[in-house]
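**Student:** Sharing a structure here in structure tokens format.
The values are calculated or read from the model by the stated rules, or taken from the named source; none is laboratory data. This is a predicted model, so every value here is computed, not measured. Note that each Cβ is placed from the backbone with ideal geometry, even for glycine, and that neighbours are counted across all protein chains shown. Heavy atoms of the whole protein, side chains included, go into the accessibility calculation; ligands, DNA and RNA do not. Shrake-Rupley method; radii C 1.70, N 1.55, O 1.52, S 1.80 Å.
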Amino acid sequence: GERVRAIAAGLLAEGINREDRVAILCNTRVEWVLCDLGILAAGAATTTVYPSSTAEDCAFILSDSETRIAFVEDLSQLKKLEDQRAEMPTLRKLVLIDGSVPPEHKEWVITLDQLEDLGAAHLKKHPKAIDEQVAGISGEHLATLIYTSGTTGRPKGVRLMHECWAY
């Protein structure tokens, strides 16, 4: 719970607002769940990206969804987005789950630990920030944007509201 709150607060400190898209490009693991819950607690919407997606498909999904921040599992996933950076105009920050940030990417990449530290500092200044965000979420707010595999063309975003998950 503390990690989820720190991730959520870190996203708020980075300027994430209600229903802003925050992507996760990662294999199934505990950090995936922590990031997803952190995104939701911040009032934002999770955009899922298959880790097996090509760099071009990743760029399309992140651009089409207007994703602002993306969690990436490791340097190989970072490389996919680095090569397509110009194709994703709304993507302004990456959060690296595993590994160290390469020096050439310090201006747009931080580690998950750094995001959590940023969130902890935000919570010291605004202790009720996450509680207020969660209290303001309604069933009609976007929770998740899942993209199809694109087997019949470009992937398409499927919108899941909070009421879908609650049901």
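**Student:** Considering Cα pairs under 8 angstrom that are at least six residues apart, work out the relative contact order of segment 1-114 and quote it in whole percent.
**Tutor:** 23 percent
**Student:** To continue, here is another question. Leaving ligands and nucleic acids out of the surface, order R92, R159 by accessible area at 1.4 Å, largest first.
**Tutor:** Order by accessible area, largest first: R159, R92.
**Student:** Would you mind checking which residues have amide H under 5 Å from T111's amide H? H placed 1.01 Å from N; only 5 or more apart, or other chain.
**Tutor:** So T111 has HN proximity to L96.
**Student:** Run the dipole for segment 89-130 about the Cα centre, Lys and Arg Cβ at +1, Asp and Glu Cβ at -1, nothing else charged, and hand back the magnitude in debye, nearest 20.
**Tutor:** Roughly 340 debye, rounded to the nearest 20.
**Student:** Which one, L37, L81, L25, is farthest towards the positive end of the dipole of the chain when Lys and Arg carry +1 and Asp and Glu -1 on their Cβ?
**Tutor:** Going by the Cα projections, it comes out as L37.
**Student:** Which aspartates and glutamates does K124 reach when only Cα atoms under 20 Å apart count, and residues fewer than 8 places away in its own chain are ignored?
**Tutor:** Partners found: E2, E14, D113, E116, E132.
**Student:** In addition: Give me the accessible area of W32, 1.4 Å probe, in Å² rounded to the nearest 10.
**Tutor:** About 60 Å², ignoring ligands and nucleic acids.
**Student:** Only Lys, Arg, Asp and Glu count, each charged at its Cβ (+1, +1, -1, -1), so figure out the dipole size of segment 84-167 about its Cα centre, rounded to 20 debye.
**Tutor:** Dipole of segment 84-167, to the nearest 20 debye: 280 debye.
**Student:** Note down the accessible area of V33, probe 1.4 Å, to the nearest 10 Å².
**Tutor:** 80 Å²
**Student:** D74: accessible area at probe 1.4 Å, nearest 10 Å²?
**Tutor:** Ignoring ligands and nucleic acids, D74 comes out at about 50 Å².
**Student:** Can you tell me the relative contact order of segment 38-167? Whole percent, Cα pairs under 8 Å, sequence separation 6 or more.
**Tutor:** Answer for segment 38-167 is 27 percent.
**Student:** Moving on to the next point. Can you find, among H122, L91, G136, the residue farthest towards the positive end of the dipole of the chain? Put +1 on the C-beta of Lys and Arg, -1 on that of Asp and Glu.
**Tutor:** Working it through, the farthest residue towards the positive pole turns out to be G136.
**Student:** A further question on this structure: From Cα pairs below 8 angstrom and at least 6 apart in sequence, can you work out the relative contact order of segment 118-161, rounded to a whole percent?
**Tutor:** 30 percent
**Student:** Mean residue ellipticity at 222 nm from the helices of the chain, using -39,500 (n - 2.57) per DSSP H segment of n ≥ 4 over the full residue count, to the nearest 500 deg cm²/dmol?
**Tutor:** Dividing the helical sum by the residues of the chain leaves -12000 deg cm²/dmol.
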